[in-house]
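The next block holds one structure in the form of structure tokens; read it before the comments.
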Amino acid sequence: VMLTHRNLVAGVRQATAGLQPTEDDVVLALAPFAHVMGFVVTLGTALAAGARVVTIPRFEPDGLLAAVERHGVTMLIVPPPVMRLLARHPGALSSVELIVTGGAPVGAELQSAVAQRFPQAVVGQGWGLTETTACATVPDRERGTVPGSAGRVAASTELRVSAEGEMLVRGPQTMAGYLGRPDATAEMVDPDGWVHTGDLGRVDADGNVFVV
């Protein structure tokens, strides 16, 4: 997937609008920086805000949770399997203020379980693809997301749901294309610039996006 500097800047700004990181935040970097979640959502937003980034060499449950405690992590951006770990974690993790997950939908029950386990933290989800530079929808730092929802459409982004239920996205974060694969690019991005995500979803009356 070819992402331009413009795509990356747009993605960082879109994620920042939702996550609202500050120089006082400590962000745990779990997703690899070679992955769009790790590079844009975790690293890019944190460095743009002047926040501190704590890296860990690999995913290992005890080590991850120990790093959160040791460094006073305030922001956790994790894949869905870690949400299951957090829902069962017996500790306090009192420094954590925001827990965000993405990469696959998390059901309302699991999201609510994590929120109940860490009442001091805001819990939310985001949704996007590498082809949309990570961000299509984003959570809100103050409110998180409605349980089971992937948040609301990112800034400067259009989203529409086709008659078949597929979600289409258009915005400044849309990829430049697949390297050396013009036919595949044409299949993914139509002449009007809409990315055909292949994900089915719906949008409620309040603008909350649900990936189904």
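The values are calculated or read from the model by the stated rules, or taken from the named source; none is laboratory data. Keep in mind that what you see is a predicted model, and the values were worked out from it rather than measured. Heads up: the accessible areas ignore ligands, DNA and RNA and are worked out on the full protein's heavy atoms, side chains in. Shrake-Rupley method; radii C 1.70, N 1.55, O 1.52, S 1.80 Å.
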From most to least accessible, 1.4 Å probe, no ligand or DNA/RNA atoms counted, S94, S162, S149 line up as S94, S162, S149
Could you tell me how far the Cα centroid of the range 38-59 sits from the Cα centroid of the range 181-200, in Å?
29 Å
Probe radius 1.4 Å, ligands and nucleic acids left out: which of I77, I56 has the largest accessible area, and how do the rest follow?
I56, I77
Rounded to the nearest 10 Å², what accessible area does H196 have for a 1.4 Å probe in the complete protein model?
60 Å²
Over the alpha-carbon set of the chain, work out the extent along each principal axis and list the three values in angstrom, largest first.
51, 34, 27
Ignoring any ligand, DNA or RNA, what whole percent of the accessible area of the range 85-212 comes from carbon and sulfur when the probe is 1.4 angstrom?
52 percent
Using 0.36 nm per residue of separation minus the Cα-Cα distance, give me the extension gain between D206 and E158 in nm, one decimal.
15.7 nm
With every protein chain left in place, what is the accessible area of T16 in Å² (1.4 Å probe, nearest 10)?
40 Å²
Using the heavy atoms of the protein chains alone and a 1.4 angstrom probe, what is the accessible area of the range 53-212 per residue in square angstrom?
47 Å²
Take each complete run of DSSP H in the chain, measure how far its Cα atoms stretch along the helix's own axis, and keep only those covering 15 Å or more with mean Kyte-Doolittle hydropathy at least 0.0; list them.
5-19
Determine the percent antiparallel among the DSSP beta bridges restricted to the chain, to the nearest 5.
55 percent
Is the shape of the range 1-55 rounded, prolate or oblate, going by the alpha carbon gyration tensor and its root eigenvalues a ≥ b ≥ c, with a/c under 1.5 for rounded and a/b larger than b/c for prolate?
oblate
